[in-house]
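Everything on this sheet refers to the single structure shown next.
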Amino acid sequence: MGMNVLKDLDVSAIEKRAYINGKYVAATTGRTMEKLLSFDGRTTLSGIAACGKEDVDDAVAAAKAAYDSGIWRDCTPAQKRSVLLKLAELMEDRRMELALLDAYETGRAFRNYYEDSIPKAIEAVTYFAESIDKLYDVAIPPRGSEFGVVTRTPLGVVGLITPWNDPMVVSCWKLAPALLTGNSVVLKPAEQSSLSAIRLAGIAKEAGIPDGVFNVVPGYGEEAGEALALHMDVRGISFTGSGETGKRILTYAGKSNMKRVTLECGGKGPYIVTEGCGDLARAAKVLAENMFYNQGQICSAPSRVIIAESIHDAFVRHLKEETLRWLPGDTFDIASRVGCVVNREQYEKVQTYIKEAREAGYDVFCPEEENDHPADAFCIKPTVITDIPADARAAREEIFGPVVAVIKARDTREAVSLANASEYGLAGAVWTDDINEAFDVVSRVEVGLMHVNSYGNDDNSAPFGGVKQSGLGKDKSLYAFDDFSDKKTVWMHFEKTGNGK
Ligand code: NAD
């Protein structure tokens, strides 16, 4: 057991209201949300504003007025850069507070947030801020007396709708490029993780973001989220969450104003291990790190191992040993690498998959050992399911928990066709020492991110996003600016003045 940091959170001082036009305000109806927290399964958190359509209307009106005024949009790239760099600096000063808020609300290990997640969010803000004054617009090839340029223009008011599994990272992946391209923003955080986003709005004001340019409307998806995505004055929605909600967002865009939609949805990452893999122990270790971190609540988790029959048993032996390093513990114990799943609903959903797999007679393994955590905390031990057919529910559907399905393949050709027999296409991997095989598999697997003898490599300079029903558009990298801006072509005519004579 290490030190417990829950005492460092002043629960009575937590801000729970919406942030609209530069001020914290209660929901118009006065409604709030109440929930049971997963870190101990006993504490309730109440009082977070449950915004509805009226509040979304207010936030969008404030965002539109700020946009139309040009107060932020017309700042130079260097001015925007310096405000966002200040935001990153202030987030660094509040790193402890932001990490505590997210750990408290989601049950994920405090240490994860403090050492990894909040720093990643800060790095994303810094990366985008530093990029914005290095981007150029383009001129078309000169043609006589006509001259044309293609410039980037903001969309206007954009809505950001985020999930709970990595609240600050996903918010900053979207917020920074949205602001830097000149838009005004309304953020609807997930109802399971609103506190850090609410706090971020106040920090952004301190950094110099003008009132109305960044608003936060906590609330339920089918209320605040739907109102935002249907709003006629919102010109773009950037969404991360489930595929089901992603499809709804597309219909809202069609029903309202054809707003730009970008989606980062779920995944069921294929992790192909071929007979050419020379280091099964490392393949198992990297799998476990990427699968069991954050209790498997990771969209790009490699949750579908597809492995050559001849090496299956040896690999599974290594994998079972690795599970011991990912046992859940007390969220606030600084020694814990893994905390809880987000809530009872998620806990029960994951348990249903495990129970169903047991009842179907598949081989379900989880370690007997326990780490110290409160008895009622919603924690799930890392689970490995083998002898499972590729078309079983646990092998096909995104479980979003610490559960990996291991499927056998006769050869690499069959492994690739099993990998592609999915509507998901977010991230994948191939493990082999044969470069020809690696290249062949990489070119044939239908995903947005592919790894060779590795997994989870992460850098702000690389785009992140899926194909098929895993999404539309990209977070991170310079490509992210494209999702928050439009291109405007400007033609100019010049009278010739005597060819330099
Ligand atoms: P979710 O779709 O239930 O919720 C995501 C967000 O959408 C929340 O803010 C929610 O309030 C809102 N929402 C729900 N219904 C809505 C509606 N009708 N209209 C508008 N907004 C609505 O997803 P979740 O359970 O919070 O998150 C888990 C999912 O997110 C998983 O599928 C995971 O794979 C995915 N995810 C994807 C990525 C990625 O980058 N591809 C990253 C993290 C999570």
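Tell me which of Tyr353, Asn453, Pro163 sits at the most positive position along the dipole axis of the chain, charges placed on C-beta atoms (Lys, Arg +1; Asp, Glu -1).
Value computed over the given set: Pro163.
Per DSSP H run of n ≥ 4, the term is -39500 (n - 2.57); total these for the chain, divide by its residue number, and report the mean residue ellipticity at 222 nm rounded to 500 deg cm²/dmol.
-10500 deg cm²/dmol
Tell me which of Val384, Ala288, Val342 sits at the most positive position along the dipole axis of the range 270-452, charges placed on C-beta atoms (Lys, Arg +1; Asp, Glu -1).
Projecting each Cα onto the dipole axis, the largest value belongs to Val342.
Grab the beta carbon distance between Lys7 and Glu206, set R0 = 30 Å, and tell me the FRET efficiency rounded to 0.05.
It comes to 0.70.
Which whole-number percent is the relative contact order of the chain (Cα, under 8 Å, 6+ apart)?
Rounded, it is 19 percent for the chain.
Any idea of the accessible area per residue across the chain, 1.4 Å probe, to the nearest Å²?
For the chain, the per-residue accessible area is 41 Å².
On a 1.4 Å probe surface of the protein chains, which of Leu85, Leu449, Leu187, Leu472 comes out largest in accessible area, and what is the full order?
Ranked list, largest accessible area first: Leu472, Leu85, Leu449, Leu187.
Modelling each spin label as a point 7 Å along the Cα-to-Cβ direction, I'd like the Glu222/Glu244 distance in nm, to one decimal.
Each label point lies 7 Å from its Cα, and together they span 1.0 nm.
Can you give me the distance in nm between label points at Met232 and Asp391, each placed 7 Å from the Cα along the Cα-to-Cβ direction?
4.9 nm
What length, rounded to one decimal in nm, is gained on full extension from Leu36 through to Glu495, with 0.36 nm per residue of separation minus their alpha-carbon distance?
158.1 nm
Could you tell me the calculated FRET efficiency between Asp458 and Thr28, based on Cβ-Cβ distance and R0 = 41 angstrom, to the nearest 0.05?
0.55
Would you mind finding the longest exposed-site-free stretch of the chain, with exposed chymotrypsin sites (Phe, Trp or Tyr not before Pro) meaning DSSP loop and at most 11 other Cβ atoms within 10 Å?
Value returned for the longest uninterrupted segment is 137-493.
Which listed residue (Asn4, Ala18, Gly329) has the Cα farthest towards the positive end of the charge dipole for the chain, taking +1 on Lys and Arg C-beta and -1 on Asp and Glu C-beta about the Cα centre?
Ala18
Taking only pairs that are 8 or more places apart or on different chains, how many Lys pairs in the range 270-452 have Cα atoms under 22 angstrom apart?
Lysine pairs satisfying the spacing and distance rule in the range 270-452 number 9.
For Leu324 and Glu423, FRET efficiency with R0 = 25 Å and r from the beta-carbon atoms, rounded to 0.05?
Calculated transfer efficiency: 0.15.
Let me know the charge dipole size of the chain about its Cα centre in debye, to the nearest 20, where only the beta-carbon of Lys, Arg (+1) and Asp, Glu (-1) is charged.
That gives a dipole near 1600 debye.
Using the Karplus equation 6.51 cos²θ - 1.76 cosθ + 1.60 (θ = phi - 60°), what ³J(HN,Hα) coupling, rounded to whole Hz, does each residue of the range 167-172 give in order, writing x for Gly and Pro?
Values per residue, Gly and Pro as x: x, 6, 4, 5, 4, 6 Hz.
Would you compute the Debye intensity of the range 270-452 from its alpha-carbon atoms alone, equal scatterers and no solvent, and pass along log10 I(q)/I(0) at q = 0.17, 0.18, 0.20 Å⁻¹ to two decimals?
Here log10 of I(q) over I(0) equals -1.04, -1.16, -1.39.
Just how large is the dipole of the range 270-452 about the Cα centre, in debye to the nearest 20, putting +1 at every Lys and Arg Cβ and -1 at every Asp and Glu Cβ?
Dipole size: approximately 180 debye.
From largest accessible area down, sort Arg410, Arg282; use a 1.4 Å probe on the protein chains.
Arg410, Arg282
Quick check: pseudo-label points 7 Å beyond the Cα along Cα→Cβ at Asp372 and Asp137, how many nm apart are they?
Spacing of the two 7 Å Cα→Cβ label points: 6.1 nm.
Please give the contour-minus-distance gain from Asp433 to Ile334: 0.36 nm per residue of separation, less the Cα-Cα distance, rounded to one decimal in nm.
31.8 nm is the gain from fully extending Asp433 to Ile334.
With 23 Å as the limit, write out which pairs from Lys53/Lys255; Lys64/Lys487; Lys53/Lys188; Lys35/Lys174; Lys23/Lys188 have Cα-Cα distances beyond it, or answer none.
Lys35/Lys174
Find, among the GluC sites (Glu not before Pro) in the range 389-438, those assigned to loop by DSSP (not H, G, I, E, B) with at most 13 other beta-carbon atoms within 10 angstrom.
Filter output for the range 389-438: Glu423.
Could you tell me how many degrees, from 0 to 90 and to the nearest 10, lie between the Cα long axis of helix 118-131 and the main elongation axis, the longest principal axis, of the Cα atoms of the chain?
40 degrees
Of all DSSP beta bridges located in the chain, what percent are antiparallel, nearest 5?
Around 45 percent antiparallel, to the nearest 5.
Relative to the first principal axis of the alpha-carbon coordinates of the chain, what is the inclination of helix 312-323, with its axis defined by its Cα atoms, in degrees from 0 to 90 and to the nearest 10?
70 degrees
How much of the accessible area of the chain, probe 1.4 Å, is carbon plus sulfur, in whole percent?
51 percent
Order of 177-185, 74-82 by packing, highest average Cβ count within 10 Å first?
Packing order, densest peptide first, comes out as 177-185, 74-82.
Quick check: from the Cα gyration tensor, does the range 6-265 come out rounded (a/c under 1.5), prolate or oblate?
Since a/c reaches 1.5 and a/b is larger than b/c, the shape of the range 6-265 is classed as prolate.
Which of rounded, prolate, oblate describes the range 63-155, given a ≥ b ≥ c as roots of the alpha-carbon gyration tensor eigenvalues and a/c under 1.5 marking rounded, otherwise prolate only if a/b is larger than b/c?
prolate
What shape does the chain have by the C-alpha gyration tensor, where a ≥ b ≥ c are the square roots of the eigenvalues, rounded means a/c under 1.5, and otherwise prolate means a/b greater than b/c and oblate the rest?
In terms of gyration-tensor shape, oblate.
Give the residues of the range 311-328 whose amide nitrogen is closer than 17 Å to a point set 7 Å from the Cα of Ala360 in the direction of its Cβ.
No residues fall inside that zone.
What is the angle, in °, between the Cα long axis of helix 195-207 and the longest principal axis of the Cα atoms in the chain? Nearest 10 is fine, range 0 to 90.
30 degrees
Trypsin sites (Lys or Arg not before Pro) within the range 318-409: which are DSSP loop residues with at most 11 other Cβ atoms inside 10 Å?
Qualifying residues, ordered by number: none.
The values are calculated or read from the model by the stated rules, or taken from the named source; none is laboratory data. None of the values given here were measured: they were computed from a predicted structure. Virtual Cβ from ideal backbone geometry, glycine too; neighbours counted across all protein chains shown. Each accessible area value is taken on the protein alone, full model and side chains, heavy atoms only, with ligands, DNA and RNA left out. Shrake-Rupley method; radii C 1.70, N 1.55, O 1.52, S 1.80 Å.
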